Every structure is written in structure tokens, then in C-alpha cells.
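A quick write-up on the structure given underneath.
The values are calculated or read from the model by the stated rules, or taken from the named source; none is laboratory data. Quick caveat: nothing in here was measured; it's all calculated off a predicted structure. Using ideal geometry, Cβ is built from the backbone for each residue, glycine included, and neighbour counts are taken over all protein chains shown. Ligands, DNA and RNA are excluded from the accessible area calculation, which covers all protein heavy atoms including side chains. Shrake-Rupley method; radii C 1.70, N 1.55, O 1.52, S 1.80 Å.
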Amino acid sequence: MKQITGNKLLVKALKEEGVEYLFGYPGACTIDISDELYKQDEIKIVLPRHEQALVHEADAYARTTGKVGVCLVTSGPGATNLVTGLATANYDSVPLVCFTGQVPRHLIGNDAFQEVDIVGITRSITKYGVTVRNREDLGRIIKEAFYIARTGKPGPVLIDLPKDVMAEFGSAEYPKNVNIRGYKPNTSVHIGQLKRALKMLSKAKRPLFLAGGGVNIAHAQEVFREVVEKTQVPVVTTVMGRGAISTKHPLFIGNLGMHGAYAANMAVSECDLLFSIGTRFNDRITGKLHEFAPHAQIVHIDIDTASISRNIHVDIPIVADAKEAITKMAEYVEPCSTSKWLAQIDAWKNEHPLTMRPNGVMGPLDIFNAINEQFDDAIIVTDVGQHQMLTSQYVDITENRQIIMSGGLGTMGYGLPGAIGAKIGNPDKPVIAISGHAQHRHQPLRRPGRQGRDSTQCRAVRRRPLQNARTGRGRQDRHVPGAYHLPERPRLFRRGRGQGAEESPQRTFRNGRLGRHDEPRHPPRGAAGHCRQVPLHRIPARRGRTQDVPAVGRIRHAVGLGAVRHIAPRGNAFERPGDHLQAERRGRSARLCREGRLLGCRCPGRCHLRADPVPGACGDVRLERPGRGHEPEMERCRSQNQNRIRSGDRRE
């Protein structure tokens, strides 16, 4: 019997599975596979700039074509760069088969160069993951991977390929059939349960269909439209289910949930039967679980047994493929009397229509209207953010249009590589990528070190080095035209001691960096999570040197305090106001609440320490060289009632 290497068997298996495009990035552990791929012409290789872009392209290719997306990356960082894309495909039920290189078997577990346990890392975000240990199992594992990815509830599968296994010679036979013990996807419909559900549908006075992404994944849009028109039951959809029925159809109400339409949410609240197909009832559509569809009996059809009654208790569960179940429904359903119910829904639509107020300049609605008018047959790909929700609300999705997005995970940066993958799979269709204000910063296709400036970044400044800290020189910030600027009147920080203390303007640096000298070990984060602008003050330190320190709590005046030696962040930036931090000074303590207000001070001198609330900017502050004189003003900040108690100055 002819024997071939594992590399050649992999290429043969891809051809047997009908793979047309392979999205790959070569590396040391997969270079032999790349050599075999370049010896043939049937499978086309798509080489991106980054592995995350690669997996997003394969994801969109699979969504728009119905085929399995195939990826090939090397070990270590190449494999870990797939993690976000695998999680995206897992949440949205996209069939992917990802091959990752791995170091030789004798190096696995020894912390070898570019060796990670990628199967363990991705165990919770893949449908199946395995490391090939024996050359004889390679063909069977590849066959099972494609079968698992495309059957049942689709999802990503990861196969880890050690380099020495792929170099071994073995059988050239590729299996024709698959028999996996314990994995038997349901391919039929329980007719008894389905008839019970349809009997409830015929008796309901206010029935409602809820179509999720499972209807689109199963390609059941046509048969679902037939059932809707036959029963005259109105339809609401999830964001991922948009397109299950044309948005121009008279029985379509709109999207459901926190990003949905008023009429759609009112219909769910007032219906007496909610017939849901292919949705997992996530928090974006349910809100408070005890208030979701309070008057309705619920029928749930889903191919995943674990998704039924997980979030919402249902009255009639049906485990089946969406297309199989809807096809059976079309044989048994009868027209329903819904004229009064439809009139009520129309009244809700007229009362609160889904529209945007014109403001005299071009806005998102104008762009969406142009897309609706100009493109009859198109694929629309969005990134994640407000523009994504606006697109799902205002762009018409008909039989010839398709919308794809990262719905479950909400992956920023999905749009551009997703559009590329969709175009590769559909070269004759126009593909529209809709992106928001900050998405280009998340695109994995960009060259490292060539990041663009965000158009709405918070308090953008452009820096030019003029001076350094050791010589008394510092940095000077210059505003970026068109960006948000700092206040015209900067806050002042008093330098030195006594009445003649010198005041210097507040200084701002990006990324919380404190300069070249006297930099703390843990630079503090900005007060608002993603905002990287940290206000700095220049104060005297020991031995005549100066250093820049962040204005934690926006301390405006500190006469006689000396140097702030170290400021370190603690905990979450947005904890409750009752949390307290400890400020140590010469064995005695002063307490600052989470909002940065002074709770008490036993300072023997008059230091006039006063702080204003800045959520998330508090930190551990070590103070030295207290002043002399009087105790400071004290402000107490109580977490329960926020009462402020002020006490006057006292002399010792």
C-alpha cells in the first residue's frame, strides 16, 4: 500500500472535503504543509497580514456561502491569535475548521519555543478540539472535524498538528464515512410536540413568531415566509435573525430587545403565545427575565438541547433543525384570526415610529436610505457599535440582501476582514462594509506601528519633546485641531511650602506615563477606563529634583506636604463609593473614600489637603514631610447618605 506523509494527507483531505479557499499564515511548524499546498492549484491560499484577520475572513466566507471556513496557522502566537475569531464563530454558530501547527511531540509540555496548549486554551470556545498524537489517526480526525463543524449546531473545530506527526509516513487512505460514538445530531422532528405547539397556535388570540439567527443559519427563510403568510401571524426578529423574513413584509414588526423597536417589544409584552425558532433568549432581548413575555405561553424550537429552557422556561420544547421543523409546520398550519391583533400592532408602530430626526446635515439615515435605493443585491458587513445597531434597524434586508456581523461576542474589528472574506466567497456580489468611529483602530489588517488617530478620542494631544525632568525641562503638549481640547483654564498645583508657594499649570501626558525619571513601578490608569489621558502635576521631590505625578482625586492644594512618592491603582476603577483606601503618613493614617474625599487627618500641621471626586482615580498615596500649624479642613463622605460634615480649623 502506498504511504505518504501527514502533510500530503492533509492536502488530500482538504480536496476531498471540497475546500476551495484556505486562509493561512505560514510559520516554522507549518512550513512543510505550506510547501505541499503550493504544489497544487485546486485550493487557493489567502494570505492576510494577521491571524485574527484570517479567521474573521474564514468566518464571513462560511456565513455567506454555507461552506466550512478553513484556517491554517503556526504554533504559539499564531495559534493564540485565533482565539478571538474562534470565540466569535462559536457564539454565532459558524462552521470553521482551524489547523494549528505544534512543536514535535517530545517537546510538548516542556515550555519549548512557540509551544502553547492551544487545545486547552480554546476548549470552552470550540465545538471540538484535539491534538493529533498518532499518524494513523490523522485521516479519521480530519474527517470527523469537518463533520462536527457542519452538522448539528455549527461551530468551530480546532486540530493541533505536531510537526513530527505530519512528517511521518502512513496510509494514504482518507475515510469516506464518520461514526462518532456519543455524537448523533438530531435530524428529525418530534411530530407529537410539533402538533401540540400548532394546536396552541391555532387557539391563540395574540400569537407572535420570534425568529432568531438559527433560521438564517438553516437557510429556512423561504419556507418560513410561507408559514407566516399562511398563518397571518406577525414576526419579530433578533439582531442575528434579521433577514429571516423581508423587512419590507407587512407582517414584519421589527427587532426585539434593547436595540429594537417599540412596537416589537410591546408585541412581546402583550402576546399570549410566543413561538420562537432558533434563538437562545440572551440578555439583549429578554432584559429582566421575570418581565419577559409575562402573558405568553412559549414554544421553543432549537437544534441545541442545552439552549432550551436555559434562560427562559418554555412550555413546549422542540429539539430540531429550524428548516426541518418549519417545513413540517408548513404541512400542518392553518390560518389564524389575527386582524385585531395586527391592528393593535399597527397602532403601536404609528404611535412610536422608528425614525431619526433630521438635523440639516447628512446623517446615518441618509446613508442607509442611499444603500436601500442603490443596492438591490448586496452583502452588508458591519463592525460592532452604535453603527451596527443603526444598520440592523434601518437597512432593509430582503431576499437578495444579507447582513452579517459579530452578534454574540461583539468583536470590534470584524468588519473589514469580514467584508474581504464575504467578497472572496461571493465575487459577483457587491459587499458593503459599514464601520464606526473607532473601528479602524481595531482592524487586524493594519501594519504594526502605523495606527491612525481616532476622530473622537478623548482630549487628544500631540506631544513634542522640549525638556526633560532631570535638567528642569519637561514636555509641552500641543492641541490637535478638530479634537477635544483641555480646559482653557488649567487647574493649578501649588509648589513648595508656606504662603509664597509657586503655582504651576496642570500637565497632561498620554498613556499615564510619568516621564523618564522617577517613574513608579505601576503607572496608574486613566479615570475612565479606555481614556488614556492622565492629568499630571509637577511638584518638588527629594534632593531638589522634580517629578510628574498623576493628580489622583484631583488634589488641588497641598501646602507643606512634600513629595508624593508613590501612587498605585487598586481594584476596579468603578467600585462603589463606600470602598476606602488607606493613606499612610509617618505612622498615622488619613482615609480617602473611593471618590477621593478626605475622611480624616491627624496631621500636626496645617496642610490644607482638599480633594474633589473623580471616580476611579483614587490610589494609595504616601506623604512625607508634613507641615506645621493647624489641622486641615475635614470633609467626610459617607457611602450611605452622602452627607458632608465640615469642621472648622482647630489649634492644638
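Annotations
- Residue that is farthest from residue 190 (Cα to Cα) [pool: residues in region 324-361 that are within 29 Å of the chain's Cα centre (by Cα) and surrounded by 10 or more Cβ atoms within 10 Å (Cβ to Cβ)]: 356
- Region 261-287 residues that are touching a residue at least 60 places away in the same chain (Cβ under 8 Å) and outside any helix (DSSP H, G or I), paired with ones that are surrounded by 18 or more Cβ atoms within 10 Å (Cβ to Cβ) and among the hydroxyl-bearing types (Ser, Thr, Tyr) (beta carbon under 6 Å, 6 or more apart): 279/238; 280/307
- Exactly one residue among 180, 148 is buried (at least 21 other Cβ atoms within 10 Å of the Cβ), under 36 Å from the mean Cα position of the chain (by Cα) and either not acidic (Asp, Glu) or not in a helix (DSSP H, G or I) (or both), and that residue is 148.
- Test: residue in region 5-22 that is among the hydroxyl-bearing types (Ser, Thr, Tyr), open to solvent by less than 30 Å² (accessible area, probe 1.4 Å) and in a helix (DSSP H, G or I): no
- Those residues of region 140-155 which are small (Gly, Ala, Ser) and either at pLDDT below 95 or in contact with a His (Cβ under 7 Å, 6 or more places away or on another chain) (or both), in sequence order: 152
- Residues located in region 124-145, provided they are assigned to a helix (DSSP H, G or I), under 33 Å from the mean Cα position of the chain (by Cα) and buried (at least 17 other Cβ atoms within 10 Å of the Cβ): 125, 141, 142, 143, 144, 145
- Within region 104-123, not a single residue is under 28 Å from residue 431 (Cβ atoms) and part of a loop (DSSP other than H, G, I, E, B).
- Of the numbered criteria (1) touching a residue at least 60 places away in the same chain (Cβ under 8 Å); (2) within 18 Å of residue 202 (Cα to Cα), the one residue 331 fails is (1).
- Filter result for residue 299 (touching a Phe, Trp or Tyr at 6+ places or on another chain (Cβ under 8 Å), free of Cβ contacts under 8 Å to residues at least 40 places away in the same chain and open to solvent by less than 10 Å² (accessible area, probe 1.4 Å)): no
- Contact map, region 189-211: first residue among the basic types (Lys, Arg), second residue assigned to a helix (DSSP H, G or I), Cβ cut-off under 7 Å, separation 6 or more or different chains; pairs are 195/332; 205/341; 206/270; 206/341.
- Set 303, 277, 312, 298: member being more than 23 Å from residue 392 (Cβ to Cβ), modelled with pLDDT of 90 or more and touching a helix residue (DSSP H, G or I) at 6+ places or on another chain (Cβ under 8 Å): 303
- The listed residue being open to solvent by 10 Å² or more (accessible area, probe 1.4 Å), within 21 Å of residue 9 (Cβ to Cβ) and in contact with a Cys (Cβ under 9 Å, 6 or more places away or on another chain), out of 100, 74: 74
- Inside region 400-440, residues that are under 11 Å from residue 242 (Cα atoms) and either without any contact (Cβ under 8 Å) to a residue 40 or more places away in the chain or out of contact with any Phe, Trp or Tyr (no Cβ under 8 Å at 6 or more places or on another chain) (or both) make up a count of 3.
- Considering residues of region 58-89 that are part of a strand (DSSP E or B) and of a type in the set (Val, Ile, Thr) only, the residue nearest to residue 154 (Cα to Cα): 70
- Evaluation of residue 68 against (1) open to solvent by 10 Å² or more (accessible area, probe 1.4 Å); (2) under 19 Å from residue 382 (Cα atoms) (one fails), failing number: (2)
- Filter result for residue 45 (without any contact (Cβ under 8 Å) to a residue 40 or more places away in the chain, surrounded by fewer than 24 Cβ atoms within 10 Å (Cβ to Cβ) and in a strand (DSSP E or B)): yes
- Per-region count, region 276-290, residues surrounded by 23 or more Cβ atoms within 10 Å (Cβ to Cβ) and not hydrophobic (A, V, I, L, M, F, W, C): 4
- Sub-7 Å Cβ pairs linking a first residue in region 105-116 that is in contact (Cβ under 8 Å) with a residue 60 or more places away in the chain to a second residue that is of a type in the set (Asp, Glu) and open to solvent by less than 60 Å² (accessible area, probe 1.4 Å), at least 6 apart or interchain, are 105/164, ordered by first then second residue.
- Residues of region 406-424 classified as in contact with a Ser or Thr (Cβ under 6 Å, 6 or more places away or on another chain) and crowded, with 22+ Cβ neighbours inside 10 Å, total: 5
- Test: residue in region 54-64 that is at pLDDT 95 or above, more than 17 Å from residue 166 (Cα to Cα) and aromatic (Phe, Trp, Tyr): yes
- Within region 23-39, considering residues that are part of a loop (DSSP other than H, G, I, E, B) and not basic (Lys, Arg), the one least open to solvent (accessible area, probe 1.4 Å): 27
- Taking (1) over 17 Å from residue 17 (Cβ atoms); (2) open to solvent by less than 70 Å² (accessible area, probe 1.4 Å) in turn, residue 94 satisfies each apart from (1).
- Region 259-275, subset open to solvent by 10 Å² or more (accessible area, probe 1.4 Å) and not hydroxyl-bearing (Ser, Thr, Tyr), residue farthest from the chain's Cα centre (by Cα): 272
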